[in-house]
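Below is one structure, written out as structure tokens; the observations come after it.
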Amino acid sequence: MIFHPSSYNLEQIKNHSEGEYKVFKEFIRIDDKRTQNWHVYYSYYYRKREKVDGIKIFDNNEIDFLILAPNVGIFVLEVKGGYIKNNHGRLFSIDRFGKSHFIDPFNQAKNNYYGITNIILDLSNKKIDLRKFVSGPLVALADTSKFIEVAQSNGYDTYLKNMDMFQFIKEASKNSLKGNNALTLPTQEDIEKIREVLDGPEFEFKLSKKDYINSINIAINDLTEEQFAIFRGLLKNKRCLINGKAGTGKTVISEFLFKEFMINQKQKVLYLSYNSLISLRVKADLRDKEIINAYPINTFLENCFNKINPLIDLNDLSFDDRFKSLVKNVTDIFNQGKLKKFDCLIVDEAQDIDLNDDIIKLFDSLINGGIKDGRVYLFYDENQIIFKDNKKIYQSDLFFDDWYRYSIFDLIRNCRNGVGIKNAIDEIFITKKIDKDIENEDVKYYQINNEENDATKVINEIEKLVKDGISYSQMTILVDQKKNNVILDKLKDYYKNNISEFKTTGNKKLTYETAYAFKGLENDVIFYISVNKRTKFDVHYVAISRAKALVYIYKR
């Protein structure tokens, strides 16, 4: 079997689509003497073209798999993965929020088949017509082993999980001949003529930046197998510490957990974080800002304290002293029954909160039954401690008391960042350096020499992405400091009303924020501007790992 492109990265394919990854592995599995002359084109794009002789050409469509098999047939295979359900003859995929999305892989396969047929007919001066051969659209439901009756599937051969791919395609060939005995099987010579057209300048195999970004967003929308296994483990354990590096899906799992307990089990859930943007993100993702108790811990403490002591002002205290005072006062308020307790506590980015005796006692006071009989879930990443000097996650001996036995879960697989960003993060951890060595197709590195000139370079890169179809809202400027940052000031001056501080919802503008405030969040494209040579390594790590698809680093 001959793959196009000839070199491929299975990890990148998996990041692009779990379903396509599974189907690709099936093609690799059947790569033997039976298929030695087969040509399989993966993620095949045909570019946008103008009308030629009045024929409208489809614009920038992707074929998941284009199969050219001598003496078997020519097939367009559309793949759909993930959890799929049937509702009155229509297929729906289920996203991480439990929301159904109508999908029609059969119509997509048909459109792509006729699209590629018309283009080949046009570019070969009508000498090659795929319709005279055994050919047509196929569908693969990569994660479904039980056949789903679908009205739109009539006449389509559908691959299901655990089927033999070779036998499936051979059977599709037989079915095509049964339907029309005037068709012919393509010979090796026919396949080579088709390939001459397919390999011409009108076609490309590499994902465009826009399509690559879209594919990553689709891939991270569902729980991975690892995340789902841990999610089920969390449901069975009341007290849990969940450790995971950036991009492993801590916030995704915490949102699933929140939804499970609040909506399905009708419990009162409190979601705490260290910064406000994470809380806003959770409320936006769960789509109901009114009933969701999600707060930065400091805001939560202030709200509770002010409800009971509205006339007492603690503003004359330093931040640290004020926080400590709030912790002790709010603990007393809940222990005295002055405010209703919660059934479950979820803490995201817990590494930024000093988990000392007083904090543990606070958590104990917030929950019905206390920590012993209530539910507590602490999500953390020991590599992202940027708000405190102490690198120890917890300082309390209460973690080891008999009444507080907790289960530890480790998230390993990065499911957010593109392959290039993952590789850069790995390189950073090995070398403890951020320089040009981390550059790849997803990561670009620039040394800051002249801030005014470098601001122009940033603007040029942003506008290139816009020309590629990427919107301003998909890009965020992260900085290690806002003050005395000439590049950021120049960007704000250039974009004027089209740039603003980051907001979690409804923002169509280019956004900017500090790496500190952006912890726990992400965007498709990150421009990281580090103007302070003394910025901590952990901050660089946080900033770079916020990017899902592309990151541009400008560092002094």
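The values are calculated or read from the model by the stated rules, or taken from the named source; none is laboratory data. If you're wondering where the values come from, they're calculated on a predicted model, not measured in any experiment. Glycine gets a Cβ as well: all are built from the backbone with ideal geometry, and neighbour counts include every protein chain shown. The area values use the complete protein model at the heavy-atom level, side chains included, leaving out ligands, DNA and RNA. Shrake-Rupley method; radii C 1.70, N 1.55, O 1.52, S 1.80 Å.
Does segment 209-218 contain any residue that is among the small types (Gly, Ala, Ser), open to solvent by less than 10 Å² (accessible area, probe 1.4 Å) and modelled with pLDDT under 85? Yes, segment 209-218 contains a residue that is among the small types (Gly, Ala, Ser), open to solvent by less than 10 Å² (accessible area, probe 1.4 Å) and modelled with pLDDT under 85.
For segment 62-79, the tally of residues that are at pLDDT below 90 and open to solvent by 40 Å² or more (accessible area, probe 1.4 Å) stands at 1.
For segment 232-248, the set of residues classified as open to solvent by 20 Å² or more (accessible area, probe 1.4 Å) and in a helix (DSSP H, G or I) consists of Arg232, Leu235, Lys236, listed by residue number.
Of all residue pairs spaced 6 or more apart or on separate chains, those with beta-carbon atoms under 7 Å, a first member in segment 470-486 that is within 11 Å of Ala515 (Cα to Cα) and a second member that is open to solvent by 10 Å² or more (accessible area, probe 1.4 Å) and among the acidic types (Asp, Glu) are Thr476/Glu513; Leu478/Glu513. Inclusion of Glu202 among residues that are at pLDDT below 85, open to solvent by 50 Å² or more (accessible area, probe 1.4 Å) and touching a helix residue (DSSP H, G or I) at 6+ places or on another chain (Cβ under 7 Å) is warranted. Mind listing just one residue for me: the one in segment 254-282 that is of a type in the set (D, E, K, R) and closer than 18 Å to Leu366 by Cα and, of those, modelled with the lowest pLDDT? Going through the qualifying residues, I end up with Lys266. Taking the listed residues Asp354, Asp332, Asp343, Asp285, the one that is farther than 24 Å from Phe502 by Cα, modelled with pLDDT under 85 and of a type in the set (Asp, Glu) is Asp354, with no other qualifying. Checking each residue in segment 530-547 for being under 23 Å from the mean Cα position of the chain (by Cα) and open to solvent by less than 20 Å² (accessible area, probe 1.4 Å) picks out Val539, His540, Tyr541, Val542, Ala543, Ile544, Ser545, Arg546, Ala547.
Conditions tested, residue by residue: (1) over 21 Å from Val486 (Cα atoms); (2) surrounded by 18 or more Cβ atoms within 10 Å (Cβ to Cβ); (3) out of contact with any Gly (no Cβ under 6 Å at 6 or more places or on another chain).
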{"site": "Ile421", "(1), (2), (3)": "yes, yes, yes"}
{"site": "Asp426", "(1), (2), (3)": "yes, no, yes"}
{"site": "Glu441", "(1), (2), (3)": "yes, no, no"}
{"site": "Gln447", "(1), (2), (3)": "no, no, yes"}
{"site": "Ile459", "(1), (2), (3)": "no, no, yes"}
{"site": "Glu463", "(1), (2), (3)": "no, no, yes"}
{"site": "Lys467", "(1), (2), (3)": "yes, no, yes"}
{"site": "Ser471", "(1), (2), (3)": "yes, no, yes"}
{"site": "Met475", "(1), (2), (3)": "no, yes, yes"}
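Residues of segment 294-317 that are at pLDDT 90 or above and not aliphatic (A, V, I, L, M): Tyr295, Pro296, Asn298, Thr299, Phe300, Glu302, Asn303, Cys304, Phe305, Asn306, Lys307, Asn309. Restricting attention to segment 124-142 and to residues that are out of contact with any strand residue (DSSP E or B) (no Cβ under 7 Å at 6 or more places or on another chain) and over 18 Å from Leu68 (Cα atoms), the residue that is least open to solvent (accessible area, probe 1.4 Å) turns out to be Asn125. On the basis of being within 30 Å of the chain's Cα centre (by Cα), at pLDDT below 80 and open to solvent by 10 Å² or more (accessible area, probe 1.4 Å), does Ile55 make the cut? No: the conditions fail for Ile55.
Only residues that are modelled with pLDDT of 85 or more and surrounded by fewer than 17 Cβ atoms within 10 Å (Cβ to Cβ) were counted in segment 4-25, giving 1.
Per the conditions (1) buried (at least 18 other Cβ atoms within 10 Å of the Cβ); (2) more than 23 Å from the chain's Cα centre (by Cα); (3) in contact (Cβ under 8 Å) with a residue 40 or more places away in the chain, the sole criterion not satisfied by Leu277 is (2).
Tally up the residues in segment 531-556 that are among the aliphatic types (A, V, I, L, M) and more than 17 Å from Gly420 (Cβ to Cβ), please. I'd like the intermediate steps shown before the answer.
Within segment 531-556, the first condition is being among the aliphatic types (A, V, I, L, M), and the residues that meet it are 531, 539, 542-544, 547, 549-551, 553.
Add one more test, that the residue is more than 17 Å from Gly420 (Cβ to Cβ), and what stays is 531, 539, 542.
Qualifying residue count for the region: 3.
Among the residues of segment 444-500, those identified as out of contact with any Ser or Thr (no Cβ under 9 Å at 6 or more places or on another chain) and not in a helix (DSSP H, G or I) are Lys444, Tyr445, Tyr446, Gln447, Asn449, Asn450, Ile470, Ser471, Lys483, Asn484, Asn485.
Out of curiosity, is Lys341 open to solvent by 20 Å² or more (accessible area, probe 1.4 Å), farther than 17 Å from Leu362 by Cβ and either in contact with a Pro (Cβ under 9 Å, 6 or more places away or on another chain) or among the basic types (Lys, Arg) (or both)? When the stated conditions are applied, Lys341 does not pass them.
Note on segment 433-476: among residues that are under 21 Å from Gly418 (Cα atoms) and among the acidic types (Asp, Glu), the one that is modelled with the highest pLDDT is Glu461.
Every condition in (1) outside any loop (DSSP other than H, G, I, E, B); (2) surrounded by fewer than 14 Cβ atoms within 10 Å (Cβ to Cβ); (3) of a type in the set (Val, Ile, Thr) is met by Ile312 except one, and the failing one is (1). Criterion first (part of a helix (DSSP H, G or I), open to solvent by less than 60 Å² (accessible area, probe 1.4 Å) and touching a residue at least 40 places away in the same chain (Cβ under 8 Å)) does Thr251 satisfy it? Judged against the criteria, Thr251 is a match. Scan segment 338-375 for residues that are touching a Phe, Trp or Tyr at 6+ places or on another chain (Cβ under 6 Å) and part of a helix (DSSP H, G or I) and the total you get is 7.
Taking the stated definitions as given, is Ser545 small (Gly, Ala, Ser) and without any contact (Cβ under 8 Å) to a residue 60 or more places away in the chain? Considered against the rule, which asks whether it is small (Gly, Ala, Ser) and without any contact (Cβ under 8 Å) to a residue 60 or more places away in the chain, Ser545 comes out as no.
Please tell me if Lys492 is among the charged types (D, E, K, R) and touching a residue at least 12 places away in the same chain (Cβ under 8 Å).
Yes, satisfied.
Would it be correct to say that Asp373 is open to solvent by 80 Å² or more (accessible area, probe 1.4 Å), of a type in the set (Asp, Glu), over 23 Å from Gly520 (Cα atoms) and over 26 Å from the mean Cα position of the chain (by Cα)?
yes
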